[in-house]
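Working notes for the structure below.
The values are calculated or read from the model by the stated rules, or taken from the named source; none is laboratory data. Given the structure is predicted, the values throughout are model-derived calculations rather than measurements. All Cβ positions, glycine included, derive from the backbone under ideal geometry; neighbour counts span all protein chains shown. Heavy atoms of the whole protein, side chains included, go into the accessibility calculation; ligands, DNA and RNA do not. Shrake-Rupley method; radii C 1.70, N 1.55, O 1.52, S 1.80 Å.
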Amino acid sequence: GYDILATPLTQDDAVYECGAFSTDPGATFDGLEPRTIESPHSYCNDLLVHQTYNFTESGIVEILISFDNDSVIQVFDDLILSYESAKRGTIQKYYSGQGFEDMVVIGSSFNLEFISDFEGVTYGYAFTATPLTDANSIPTCENFSLNPGAKFDDLSVQNIESPHPYCDYTHGFQEYRFTNETIDYLLIEFKPQSQIQTHDQLTLSFSDSGEYTTKQYPDIAFTSFAIHGSSFNLTFTADDDSYTGYGYKFTVTPGIGEIPLNDCERFEQDHGATFNDMNIHTIQSAHPYCDNLEVHQRYNFTDSTVTHLQIVFDEESEIEIFDSLNISYEFNNRTVTWSYPSAGFYDLIVPNHGFNLTFTSDYSVSFYGYSFDVTPLAGDFQLNDCESFAGNPGETFDGMDTQVIESAHPYCDNMLVNQSYVFTNSSINQIQMVFGSQTDIVGQDSLTISHGGIVKTFRGPDFSNFVIAGREFDLTFRSNYSNSVWGYSIYLIPVEKGSEIFDCDTWQAQDGANFNDTSSHVISSPHPYCNYMTISQHYSFSNETVTEIQIEFDLFSVENWYDSLEITYEVGNRHVTHSLTGSDFGGFIIESREFDLVFNSDYSNTDYGFDMTVTPLFVGSEPDTRCDSYKANPGATFSGLDAQVIESPHPYCSDLNVSQHYSFTDSSVTQLTLSFDLESSIEVVFDMLTISHTKADGTEVGNRYSGDGDFSELVIDTDEFDLKFVTDSIYTMYGYRITVIPGTVTTVTTQSQCKQTMTQEDLDNEMLMLREYYYKLN
């Protein structure tokens with residue numbers, strides 16, 4: 001049930017409830033005291049409130065609206081504050097939700113409108129309206145663009161700020177100058193609430209020690225800095241109509257004497273040190289370090305007995321993930337680099353008497369930074385597996401023996417290893433790379449092998465064996481600051497000339513070929529081809545008597561739609577492209593003696609690929625007569641009951657229009673069964689095979705065939721039929737091969753499978769569906 005506490009209230013302690021709120025017209029205020037304006041807490045549904053507030057004190061130029069942190073308005077309700085601007089008309093600002101930004105009203109009055117719907121209420125709003133005179137007014141979007149800057153005659157601290165928030169399509173240029181001749185520098189310190197959207201920009205420009213310098217925000221973080229001199233220029237631009245931010249606010253403090261450096265400035269100007277002793281030295285960043293730093297330092301120990309350095313990190317060391325500390329040194333005639341991001345600050349042996357340090361930070365969050373002790377040591381030293389791996393520059397191999405290269409097991413975090421490997425034997429034409437069975441690399445780490453412009457990157461768990469062309473390659477291994485695992489081992493198997501392995505990398509490295517003869521040549525992909533392939537090759541016949549090239553596919557099968565082969569050539573001013581995907585293409589003729597081949601595969605399935613024969617056709621060569629006898633064939637008449645085979649050339653030719661008639665003369669034949677060979681294929685839609693016959697009642701019936709084969713068996717109740725085969729001028733395929741089996745009365749009555757012949761209307765509907773499918777496919 002319910003319990004209700006009813007408390008009587010006098011006039012003095014009555015609650016501001018929705019009835020009074022909805023009829024409240026606003027107020028007029030005297031003086032310069034801040035005034036609190038609020039809704040009921042919580043407010044009610046179905047409200048429409050209009051109020052006007054006015055400050056009567058002379059000299060008021062602005063009103064600062066500052067919202068209470070508790071203010072919350074349901075997202076479908078609205079608080080609207082508005083005022084009249086002489087330059088921009090009515091200015092309105094809508095508030096809904098929570099986290100309301102302050103607002104500056106130009107003038108001494110403003111209007112308030114509050115609207116609530118029929119569903120749900122919240123706390124409402126409460127804000128303080130503070131009138132401001134010329135002496136304490138805040139920049140507004142109207143007066144900001146007209147502000148030329150200022151000159152200051154004394155040494156007092158000055159506040160410089162944008163409107164809060166600033167407005168879209170704002171552009172301001174201001175010059176600030178301190179005229180006191182004793183000033184040596186200006187210290188600029190940004191307030192923490194400064195915020196500018198990515199597409200807007202604040203630029204401070206000044207002459208510092210004779211060099212013209214600019215600082216742009218938000219390209220860098222709002223960090224404080226000092227400049228030599230007594231003046232600077234300010235440019236602020238908000239050009240788009242998207243979001244705005246709080247803007248900027250900073251103080252300018254004039255100073256006399258040396259510029260005081262903060263920890264980050266001292267850190268940034270520190271270029272390292274040379275140590276003439278054998279003592280332990282501590283090297284550290286600022287704590288915390290600052291954003292937008294790029295520090296380069298060199299540390300060196302001059303004592304001739306120093307053979308290596310021990311680096312031990314303090315356990316407090318921590319760097320933000322997008323910042324980095326790099327320690328590099330020379331070892332085995334190469335540079336070894338160790339990178340430290342936010343974790344994994346393990347100790348290190350540097351096999352050198354010095355090292356370089358680079359520290360960079362972006363403009364986001366900064367952490368404690370780093371601190372480590374460097375101990376100079378003399379005598380022999382033992383590198384651990386990771387230090388030896390990082391210092392390994394690679395190797396040169398003689399002979400034809402199989403070699404094994406490997407990482408440390410397990411490898412370490414924060415590694416960047418660069419190595420080069422070379423086989424010197426000139427009879428080697430390829431290197432086959434076989435990964436060891438234990439190979440494992442964490443997904444965020446990577447092994448990259450590059451050679452001849454081809455780059456292969458491996459991240460666990462897929463480590464496919466491959467072949468590279470040539471006798472040398474570069475290896476790069478990177479690990480981040482998370483977990484490390486076993487690493488890799490790779491068997492390098494040299495391959496002699498004449499025994500080359502044709503794989504995807506070998507194909508990728510080929511540029512095509514220029515044929516100096518007039519013989520046929522076979523061009524193939526690997527079988528099967530690989531994912532993520534983009535092959536671009538150029539083929540040509542140099543013999544100038546070659547006028548055309550006949551292309552025939554011995555086998556063509558690639559993933560339909562997603563993978564493709566393109567043959568492109570130029571004919572006069574025409575650019576002709578044959579784009580092939582799917583399977584079973586016969587061939588075509590191109591009207592040129594050169595062409596470009598482009599093959600693309602995506603990241604999913606692969607297939608056999610292709611084998612194609614290119615045959616040059618040249619002046620004086622015999623014309624292609626494969627289809628001449630076929631085109632002249634009128635059909636045939638068969639006298640017996642034997643099965644007969646009728647077929648097209650394989651592949652058939654372009655530009656065919658063949659009509660043939662076939663019949664059986666034996667009077668016992670009452671039915672013919674036409675069975676298609678499984679290889680039968682005809683270019684879909686554009687090439688067409690039609691088999692027609694006349695039924696006993698005189699009705700003429702036709703069956704059409706086009707596509708990639710799997711043609712259904714056809715049974716006709718007659719002893720004769722007509723065949724028509726029409727092809728266009730572009731692609732060809734295998735064609736058709738039909739076995740015709742004559743049936744007598746006996747064989748017809750014992751058949752168990754009945755066939756229903758399609759009418760012409762059925763055929764027309766089928767063709768419409770087939771054409772619709774074709775256009776969708778393209």
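Against the criterion of being part of a strand (DSSP E or B) and either open to solvent by 40 Å² or more (accessible area, probe 1.4 Å) or without any contact (Cβ under 8 Å) to a residue 12 or more places away in the chain (or both), VAL404 qualifies. When ASP77, ASP68, ASP24 are checked against the criterion of being among the charged types (D, E, K, R), farther than 29 Å from GLN193 by Cα and in contact (Cβ under 8 Å) with a residue 24 or more places away in the chain, ASP24 stands alone in meeting it. Among residues of region 270-295 being under 24 Å from THR375 (Cα atoms), of a type in the set (S, T, N, Q) and not in a strand (DSSP E or B), the one that is most open to solvent (accessible area, probe 1.4 Å) is ASN276. One residue stands out in region 671-708 among those that are of a type outside the set (D, E, K, R) and open to solvent by 60 Å² or more (accessible area, probe 1.4 Å): the one that is nearest to ALA632 (Cα to Cα), namely PHE686. Residues in region 665-690 that are of a type in the set (Ser, Thr, Tyr), touching a residue at least 40 places away in the same chain (Cβ under 8 Å), in contact with a Gly (Cβ under 8 Å, 6 or more places away or on another chain) and not in a loop (DSSP other than H, G, I, E, B): 2 in all. Only residues that are surrounded by 15 or more Cβ atoms within 10 Å (Cβ to Cβ) and either touching a residue at least 60 places away in the same chain (Cβ under 8 Å) or assigned to a loop (DSSP other than H, G, I, E, B) (or both) were counted across region 532-552, and they come to 11. Within region 121-142, being within 15 Å of HIS164 (Cα to Cα), modelled with pLDDT of 70 or more and either open to solvent by 40 Å² or more (accessible area, probe 1.4 Å) or in contact with a Cys (Cβ under 6 Å, 6 or more places away or on another chain) (or both) holds for one residue alone: CYS141. Across region 378-437, the number of residues qualifying as within 30 Å of GLU500 (Cα to Cα) and aromatic (Phe, Trp, Tyr) comes to 4.
Yes or no, residue by residue, for (1) within 16 Å of ARG298 (Cα to Cα); (2) open to solvent by less than 70 Å² (accessible area, probe 1.4 Å); (3) aliphatic (A, V, I, L, M):
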| residue | (1), (2), (3) |
| --- | --- |
| VAL312 | no, yes, yes |
| ASP323 | no, yes, no |
| HIS353 | yes, no, no |
| GLY391 | no, yes, no |
| GLY399 | no, yes, no |
| ASN414 | no, yes, no |
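A search for C-beta distances below 6 Å between a residue of region 581-598 that is over 23 Å from GLY735 (Cβ atoms) and any residue that is aromatic (Phe, Trp, Tyr) and in a strand (DSSP E or B), counting only pairs 6+ apart in sequence or on different chains, returns SER592/TYR569; ARG593/PHE541; PHE595/TYR539; PHE595/TYR569.
How many residues does region 61-110 hold that are on the phi > 0 side of the Ramachandran plot and of a type in the set (D, E, K, R)?
Residues that pass the stated criteria total 0.
Only one entry of ARG266, ARG298 meets the criterion of being open to solvent by 70 Å² or more (accessible area, probe 1.4 Å), out of contact with any strand residue (DSSP E or B) (no Cβ under 7 Å at 6 or more places or on another chain) and not in a loop (DSSP other than H, G, I, E, B), and that entry is ARG266. Could you grab me the full set of residues in region 454-482 that are open to solvent by 40 Å² or more (accessible area, probe 1.4 Å), of a type outside the set (D, E, K, R), assigned to a loop (DSSP other than H, G, I, E, B) and without any contact (Cβ under 8 Å) to a residue 60 or more places away in the chain? Once the filter is applied, which keeps residues that are open to solvent by 40 Å² or more (accessible area, probe 1.4 Å), of a type outside the set (D, E, K, R), assigned to a loop (DSSP other than H, G, I, E, B) and without any contact (Cβ under 8 Å) to a residue 60 or more places away in the chain, region 454-482 yields PRO461, SER464, ASN465. Applying the criterion of at least 2 residues that are open to solvent by 50 Å² or more (accessible area, probe 1.4 Å) and either out of contact with any Leu (no Cβ under 9 Å at 6 or more places or on another chain) or of a type in the set (Ser, Thr, Tyr) (or both) to the strands (runs of 3 or more DSSP E) found wholly in region 147-191 leaves 170-178.
In a residue-by-residue description of region 635-644, the property of being in contact with a Leu (Cβ under 9 Å, 6 or more places away or on another chain) and either surrounded by fewer than 10 Cβ atoms within 10 Å (Cβ to Cβ) or modelled with pLDDT of 90 or more (or both) applies to at least one position. Here the condition is being open to solvent by less than 50 Å² (accessible area, probe 1.4 Å), under 17 Å from HIS650 (Cβ atoms), at pLDDT below 90 and in contact with a strand residue (DSSP E or B) (Cβ under 8 Å, 6 or more places away or on another chain); of PHE711, PHE725, it holds for PHE711 alone. Pairs are defined by a Cβ separation below 9 Å, a sequence spacing of at least 6 or placement on different chains, a first member in region 27-39 that is acidic (Asp, Glu), and a second member that is in a loop (DSSP other than H, G, I, E, B); the pairs so defined are ASP30/THR56; ASP30/GLU57; GLU38/TYR16; GLU38/ASP68; GLU38/SER71; GLU38/TYR125. Restricting attention to region 363-407 and to residues that are among the aliphatic types (A, V, I, L, M) and within 16 Å of ASN352 (Cα to Cα), the residue that is modelled with the lowest pLDDT turns out to be LEU383. Summed over region 248-258, residues that are surrounded by 15 or more Cβ atoms within 10 Å (Cβ to Cβ) and assigned to a loop (DSSP other than H, G, I, E, B) total 1.
The combined condition, being in contact with an Asp or Glu (Cβ under 8 Å, 6 or more places away or on another chain), part of a strand (DSSP E or B) and not basic (Lys, Arg), is not fulfilled by SER592.
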